[in-house]
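Taking it in order: structure first as structure tokens, then the write-up.
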Amino acid sequence: GQNIDQPTEMTATEGAIVQINCTYQTSGFNGLFWYQQHAGEAPTFLSYNVLDGLEEKGRFSSFLSRSKGYSYLLLKELQMKDSASYLCAVKKLTGGGNKLTFGTGTQLKVEL
Amino acid sequence: DTGVSQDPRHKITKRGQNVTFRCDPISEHNRLYWYRQTLGQGPEFLTYFQNEAQLEKSRLLSDRFSAERPKGSFSTLEIQRTEQGDSAMYLCASSSTSGGTGELFFGEGSRLTVL
């Protein structure tokens, strides 16, 4: 099986920086995704890491440590529109191909 | 450019009835996934296809659930004898095995309410 843990809720201030952590335990690890999901909408892709290190995309960065089973999503210069659920998803190589398993999501609330 | 589309967007049904959802993936994507999501939870894997072959089905999926992708294009998810616990958002996603990250592109979902 797989365990994916991330905080349930976080609150941050507009303009600040927030880090959302994700830890996982799995065999056949083949990459980690972060998705953003606004209430009532579909998840949308934010970032992907397969090798250790930091991937930066504008205000969003994601870090991976495969040996520690750990990733984080860093959001800079927070805006009100960043209030959403952030989903950590682990890609696992299975007999039939790749499968994504999602964590429960971290609900981020950005306040003035 | 069309993304993943799902139909219907909302379905209200009485317990015991059968329901069917349809998903049309991005045309060049060969993989298609079904997930279920309840409030406050992440998407839960149900099953996935590569072309017309169903490669994996979650052990959580009871025999009342069946999915097909007969021609390797659109897919249907049928739930027979619905129960109140089936109330959820059913998300379809597609991806390509031709390079890239293998990211999933999600549809807007089909929300099921079982009364």
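FYI, it's all coordinate maths here, none of it is from the lab. Because the structure is predicted, anything quoted here is derived from the model rather than measured. Counting neighbours? That spans all protein chains shown, and the Cβs are built from the backbone with ideal geometry, glycine included.
Looking across segment B:54-96, the residues that are of a type in the set (S, T, N, Q) and touching a residue at least 60 places away in the same chain (Cβ under 8 Å) come down to B:Gln80, B:Thr82, B:Gln84, B:Ser94, B:Ser95, B:Ser96.
Mind checking whether some residue in segment B:94-112 is away from chain A (no Cβ under 14 Å) and of a type in the set (Lys, Arg)? No, segment B:94-112 contains no residue that is away from chain A (no Cβ under 14 Å) and of a type in the set (Lys, Arg). Would you be able to say whether some residue in segment A:82-91 is within 9 Å of the chain's Cα centre (by Cα), farther than 23 Å from B:Arg31 by Cβ and in contact (Cβ under 8 Å) with a residue 60 or more places away in the chain? Checking segment A:82-91: at least one residue is within 9 Å of the chain's Cα centre (by Cα), farther than 23 Å from B:Arg31 by Cβ and in contact (Cβ under 8 Å) with a residue 60 or more places away in the chain. Aromatic (Phe, Trp, Tyr), more than 9 Å from chain A (Cβ to nearest Cβ) and either free of Cβ contacts under 8 Å to residues at least 12 places away in the same chain or surrounded by fewer than 21 Cβ atoms within 10 Å (Cβ to Cβ) (or both), is that true of B:Phe49? Taking the combined requirement at face value, the residue does not satisfy it.
Give me the residue from segment B:89-107 that is outside any loop (DSSP other than H, G, I, E, B) and not small (Gly, Ala, Ser) and, out of that set, farthest from B:Arg31 (Cα to Cα).
Filtering segment B:89-107 down to residues outside any loop (DSSP other than H, G, I, E, B) leaves B:89-95, B:105-106.
Filter once more, so that each one left must be not small (Gly, Ala, Ser): B:89-92, B:105-106.
Numbers: B:Met89: 20, B:Tyr90: 17, B:Leu91: 14, B:Cys92: 11, B:Phe105: 10, B:Phe106: 12 Å.
Here the residue is B:Met89.
Condition first: among the basic types (Lys, Arg), under 23 Å from A:Leu93 (Cα atoms) and more than 11 Å from chain A (Cβ to nearest Cβ). Can you find one or more residues in segment B:69-88 that meet it? Yes. Please find, within segment B:62-78, the residue that is surrounded by the fewest Cβ atoms within 10 Å (Cβ to Cβ) out of those that are outside any strand (DSSP E or B) and not hydrophobic (A, V, I, L, M, F, W, C). In this case the residue turns out to be B:Asp63.
Looking at A:Lys68, A:Lys99, A:Lys57, A:Lys109, which is the one that is among the basic types (Lys, Arg) and touching a Phe, Trp or Tyr at 6+ places or on another chain (Cβ under 7 Å)? Testing whether each residue is among the basic types (Lys, Arg) and touching a Phe, Trp or Tyr at 6+ places or on another chain (Cβ under 7 Å) leaves just A:Lys99.
For segment A:44-54, the count of residues that are among the acidic types (Asp, Glu) and part of a strand (DSSP E or B) is zero. In the set (1) surrounded by 16 or more Cβ atoms within 10 Å (Cβ to Cβ); (2) farther than 17 Å from B:Gly40 by Cβ; (3) within 14 Å of another protein chain (Cβ to nearest Cβ); (4) of a type in the set (Ser, Thr, Tyr), A:Thr23 fails one condition alone, (3). Residue count for segment A:47-77 satisfying the condition of being surrounded by 14 or more Cβ atoms within 10 Å (Cβ to Cβ), closer than 22 Å to B:Gly100 by Cα and either without any contact (Cβ under 8 Å) to a residue 40 or more places away in the chain or hydrophobic (A, V, I, L, M, F, W, C) (or both): 12.
Looking at B:Arg31, B:Arg9, B:Arg36, just one residue is of a type in the set (Lys, Arg) and closer than 15 Å to B:Glu68 by Cα, and that residue is B:Arg31.
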